[in-house]
Amino acid sequence: MDGAVIGELLPCRMPNKGTIDNLAAQAVSLNVCNLHAGTISKLGKVGKMHGNKRRPAPIDAMDARLLRALAENPRGTALALAQRAGLSRNTVQARLARLEESGVLGSVERRIDPAALGYPLTAYLAVTVAQRLLDPVADGLAQVAEVVEVLGMTGEGDLLVHVVAQDADDLYRIAGLILAIDGVERTTTSLVMRRLVDYRVTALVERLARER
């Protein structure tokens with residue numbers, strides 16, 4: 001087997017020319033290599049769309065206890081959080097500041113329910129775009145107020161667009177706005193019928209908080 005590396009990330013191997021099932025093996029291997037190359041290319045574009053955002057630094061068990069206390073009492077004072085987490089008030093204040101600066105604590109926007117703003121309908125659009133226009137498409141989506149989140153994806157679609165709407169007619173209008181963005185080739189809309197599990201990370205925080 002002769003080795004090749006696609007994008008310096010995923011190993012892709014082609015069979016030697018002397019193997020018995022050379023043609024079939026080469027065809028299968030070439031398909032795998034093409035799949036790997038396409039995935040790497042898309043991952044690169046996704047990273048560019050997100051501005052190569054740096055991930056927050058890992059936290060320790062003490063941080064996790066503080067986050068658990070904050071989740072239980074989001075409006076708690078530094079003293080109340082310190083008592084709940086078993087830390088000093090100064091430690092709580094210093095760690096909260098670091099967690100906010102490092103991006104561990106996200107935007108307060110996640111706590112706002114769009115339904116309370118008059119947008120009870122939620123949908124996800126799988127969007128296929130012209131790859132050379134990925135950045136302009138992302139900029140165009142950011143101009144649509146009802147678009148609350150855009151994720152770059154691997155797989156058949158390029159983007160997963162989270163939208164909210166007032167009703168079905170409003171969703172139809174929003175989908176039209178997205179389709180009208182230069183570079184958007186097609187969309188597939190999936191309507192959220194029911195939320196079965198809310199966004200949560202408490203179980204992960206609890207697991208880390210138990211570590212010593």
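The values are calculated or read from the model by the stated rules, or taken from the named source; none is laboratory data. Just so you know, these numbers come straight off a predicted model, no measurement behind them. When we count neighbours, we look across all protein chains shown, and the Cβ atoms used for this are built from the backbone with ideal geometry, even at glycine. We work out accessible area using only protein heavy atoms, side chains counted, and drop any ligands, DNA or RNA first. Shrake-Rupley method; radii C 1.70, N 1.55, O 1.52, S 1.80 Å.
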- Note on the structure: Ala123 vs (1) under 24 Å from Met193 (Cβ atoms); (2) open to solvent by 30 Å² or more (accessible area, probe 1.4 Å): all pass except (2)
- When you go through (1) open to solvent by less than 70 Å² (accessible area, probe 1.4 Å); (2) in a loop (DSSP other than H, G, I, E, B) one by one for Thr154, which number turns out not to apply? (1)
- Task: For Tyr199, indicate whether it is at pLDDT below 95 and either assigned to a helix (DSSP H, G or I) or surrounded by fewer than 13 Cβ atoms within 10 Å (Cβ to Cβ) (or both).
- Result: yes
- Note on the structure: Scanning the range 85-102 for residues that are in a helix (DSSP H, G or I) and either more than 32 Å from the chain's Cα centre (by Cα) or closer than 13 Å to Met62 by Cβ (or both) gives Ala85, Arg89, Asn90, Thr91, Val92, Ala94, Arg95, Leu96, Arg98, Leu99
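So that you can scan it fast, the table gives a plain yes or no per residue for (1) within 19 Å of the chain's Cα centre (by Cα); (2) among the hydrophobic types (A, V, I, L, M, F, W, C):
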residue: Leu105; (1), (2): yes, yes
residue: Arg110; (1), (2): yes, no
residue: Ala123; (1), (2): yes, yes
residue: Val127; (1), (2): yes, yes
residue: Arg132; (1), (2): no, no
residue: Ala138; (1), (2): yes, yes
residue: Val150; (1), (2): yes, yes
- Would you please list the contacts, defined by Cβ atoms under 7 Å and residues six or more apart or on different chains, that run from a residue in the range 81-94 that is open to solvent by less than 40 Å² (accessible area, probe 1.4 Å) to a residue that is charged (D, E, K, R)? Ala82/Arg89; Ala85/Arg65
- Only one residue in Thr187, Thr122 is part of a strand (DSSP E or B) and farther than 30 Å from Glu72 by Cα. Which one? Thr187
